[in-house]
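Reviewing the structure listed below.
Since every read-out is calculated from the coordinates, none of them should be taken as a lab result. Small disclaimer: the values here were computed from a predicted structure and weren't measured. Cβ coordinates were reconstructed from backbone atoms using ideal geometry, including for glycine residues, and neighbour counts include every protein chain displayed.
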Amino acid sequence: MYSMTEVELTDPALLALFAKLADALGHSQDEEPEKLSFEDAGLLLAVVAWHDGHAVGCGLLRREDDNRAEIKRMYSSAPGVGSAVLHYLEQKARSQGFSSVLATARIINSKALNFYLHKGFKKCPSYGKYRYSSQTFSMEKPLN
């Protein structure tokens with residue numbers, strides 16, 4: 001079982017997981033185009049998943065508009081962690097009144113695409129900064 005802790009964006013465990021995510025995606029955090037700030041990016045919360053005292057996963061929830069929240073920066077280092085983090089973020093989005101959640105993954109990241117599709121996400125029109133990207137796949141899942 002995994003425990004979830006909501007953290008600040010400066011939390012060392014979260015930053016270490018972001019670094020692992022960047023390594024897994026083949027780029028450094030310095031190459032990330034977005035600036036992470038709760039105020040500027042519409043971020044609602046950041047969560048770290050823990051198991052036996054070790055940070056094993058993370059994710060962010062960001063407001064896209066009045067009805068939709070976006071799942072961002074999902075990372076897991078063990079089986080089942082991604083599902084637990086996603087479930088936590090979906091519950092938080094639902095409790096804040098959002099009717100659906102969005103996620104975007106690079107087309108070449110088949111692991112992430114398959115994960116989200118397996119969890120009930122469906123292809124949707126690209127949105128936000130991904131609107132004109134041919135390298136990403138945008139998905140949405142209703143929260144009913």
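Here are a few things to note about the model shown:
- Put in line by how crowded their Cβ is, counting other Cβ atoms within 10 Å and starting with the fewest, Glu6, Glu140, Glu70 read Glu6, Glu140, Glu70.
- Helix-only CD estimate at 222 nm, as mean residue ellipticity for the chain, using -39500 (n - 2.57) per DSSP H run (n ≥ 4): -8500 deg cm²/dmol
- Charge dipole (debye, nearest 20) of segment 58-133; +1 at Cβ of Lys and Arg, -1 at Cβ of Asp and Glu: 180
- Our coupling estimate for segment 127-138, obtained by passing each phi through the Karplus curve with A = 6.51, B = -1.76, C = 1.60 and θ = phi - 60°, is 9, x, 5, 8, 3, 10, 8, 8, 9, 10, 10, 9 Hz, Gly and Pro reported as x.
- Projected-area average for segment 3-142 over all orientations - Cα convex hull basis, square nanometres: 8.0
- Relative contact order (percent, whole number), segment 36-144, Cα cutoff 8 Å, 6+ residue spacing: 20
- Restriction of the chymotrypsin sites (Phe, Trp or Tyr not before Pro) in segment 86-144 to DSSP coil positions whose beta-carbon has at most 12 other beta-carbons within 10 angstrom yields Tyr132.
- Exposure proxy ranking, count of Cβ atoms within 10 Å, fewest first, for Lys129, Lys141: Lys129, Lys141
- Charge dipole (debye, nearest 20) of the chain; +1 at Cβ of Lys and Arg, -1 at Cβ of Asp and Glu: 660
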